[in-house]
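The values are calculated or read from the model by the stated rules, or taken from the named source; none is laboratory data. Keep in mind that this is a model prediction, so the values were computed, not measured. Cβ coordinates were reconstructed from backbone atoms using ideal geometry, including for glycine residues, and neighbour counts include every protein chain displayed.
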Amino acid sequence: MAEGREEMIERCPECGSTRIIRDYDRAEIICLNCGLVIKDHMVDPGPEWRAFDEEQRERRTRTGAPTTLMIHDKGLSTVIDWRNKDSTGKNLNLEKRITAYRLRKWQRRVRVSDSVERNMALALAEIDRIASILELPRNVTETAALIYRRAIQDRIAKGRSIESMAAACVYAACRLAKIPRTLDEIAHAARATKKEVGRSYRSLAKTILPKISRVPPAKPTDYVPRLVNQLRLPGEVQTKAIEIIEAASKLGLTSGRGPVGLAAAAIYLACTLLNYKKTQREIAQVAGVTEVTVRNRYKELVEQLNFIIIL
C-alpha cells in the first residue's frame, strides 16, 4: 500500500514540476526543480535479504506466490507440490509417494467446494487457454478473470455456456487494453461460435463493463502495426498507413466502417504509394477480411483523399 501511495505523487506541491525522483537510500521523494523533500521515511515493501540467482531467491523467500485472479480461490489455498520430494530435497519412498498422490487428489477436491467455484475454475482455465493461443499478455488474462468474477456475482453468466462467456471476457479485456484482436480471432480460439461469443459480449457491455471502465471503440490505427508486422513490411509503410487513416478520420470516412478493413485498405494504399508490391489478396488474407472489402475501402480512400495512383 505504501508503494501505491508513492506512485500517486506526480507533481511537486510547491512548484508544480513533474521532475520527481525517489531516493531509496535516504527514503525520500525529492523534487529536482526546487529541491523540496515531498515525502520522507518511506517504507520499503521489498525483502530485507538479497539474492544473486534464482536458487538463492527460492531458498530465502519466506512467502508464497502472489495472489492472482486467474485461480478461483485467488491462490490463497495450500497446494501440495507435484514433485515427490521431502523438505530436504530427497526422493520419497514408494509408500510415501502413494500417500502424497492420495493427498493431492483429495486436496484438489477440497479446493473446489461448490458449483460456483467449479464453474469459476473451468472458466478461468478456458480464459488461460484462449489467452495462450492468442499470445495475450498477463494483464489481459487478469482483467478477463475480473470481468468473469463480476459476471458471476451479478448472475450475468447464468444460462450461458462457460466457453462463450470466457471468450467474451477475453474479448472485452482486449478492448480495454487496446490490444487488436477481432471477434473472429477470439471465436476461432474459443470453443464457441462467433454468434454465441458476440451475444455474451453484448450482455457484458450492457451490465458489467460500464461498472469497470469505459470500453473504447476499436480504431483502425490499432490494427496497422500488427498487420504490417505479419506482412513483413518496413516501418515507413506503417507510418504512411497511419497518416492515411488519420486524414480519413478528419473527413469522417472511418465512421460506420470496419476498422480491420479500413486498416487493410490503408496499408494497401501505403504500399502502392511507396512502391511495395503487395496484392489485395495477400493483405485481405492476413487481415481476415474479403478482397471486396479491401477494394471498396481502397477506392473510397483514393477518391476522398484525392490520391493520384498510377498503376
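For the reader, a short list of remarks on this structure follows.
- Taking region 274-294 as the range and being crowded, with 17+ Cβ neighbours inside 10 Å and closer than 20 Å to residue 304 by Cβ as the test, the residues that pass are 280, 283, 289, 293, 294.
- Filtered residues of region 225-279 (kept if polar (S, T, N, Q) and touching a helix residue (DSSP H, G or I) at 6+ places or on another chain (Cβ under 9 Å)): 229, 230, 238, 239, 249, 254, 255, 272, 279
- Output for region 23-38, where each listed residue is assigned to a loop (DSSP other than H, G, I, E, B) and in contact with a Pro (Cβ under 8 Å, 6 or more places away or on another chain): 36
- Boolean, residue 198 is modelled with pLDDT of 90 or more and surrounded by fewer than 22 Cβ atoms within 10 Å (Cβ to Cβ): yes
- Candidates 43, 116, 79 - the one that is in a helix (DSSP H, G or I), in contact with a helix residue (DSSP H, G or I) (Cβ under 9 Å, 6 or more places away or on another chain) and of a type outside the set (D, E, K, R): 116
- Scan of region 81-112 for residues that are β-branched (Val, Ile, Thr) and either exposed (fewer than 13 other Cβ atoms within 10 Å of the Cβ) or in contact with a strand residue (DSSP E or B) (Cβ under 8 Å, 6 or more places away or on another chain) (or both), ordered by number: 88, 98, 99, 110
- Check on residue 192, assigned to a helix (DSSP H, G or I) and closer than 15 Å to residue 169 by Cα: no
- Residue match in region 14-34 (condition: β-branched (Val, Ile, Thr), surrounded by 10 or more Cβ atoms within 10 Å (Cβ to Cβ) and touching a residue at least 60 places away in the same chain (Cβ under 8 Å)): no
- Candidates 214, 226, 232, 257, filtered to the one that is part of a helix (DSSP H, G or I) and either without any contact (Cβ under 8 Å) to a residue 60 or more places away in the chain or more than 21 Å from residue 175 (Cβ to Cβ) (or both): 226
- Filtered residues of region 150-169 (kept if closer than 12 Å to residue 204 by Cα and surrounded by 19 or more Cβ atoms within 10 Å (Cβ to Cβ)): 151, 156, 157, 164, 165, 166, 167, 168, 169
- When residues in region 261-273 are screened for being surrounded by fewer than 23 Cβ atoms within 10 Å (Cβ to Cβ) and either of a type in the set (Val, Ile, Thr) or assigned by TED's automatic domain parsing to the domain that holds residue 181 (or both), 1 of them pass.
- A single entry from 131, 123 fulfils the requirement of being touching a Phe, Trp or Tyr at 6+ places or on another chain (Cβ under 6 Å), closer than 26 Å to residue 180 by Cα and buried (at least 18 other Cβ atoms within 10 Å of the Cβ): 123.
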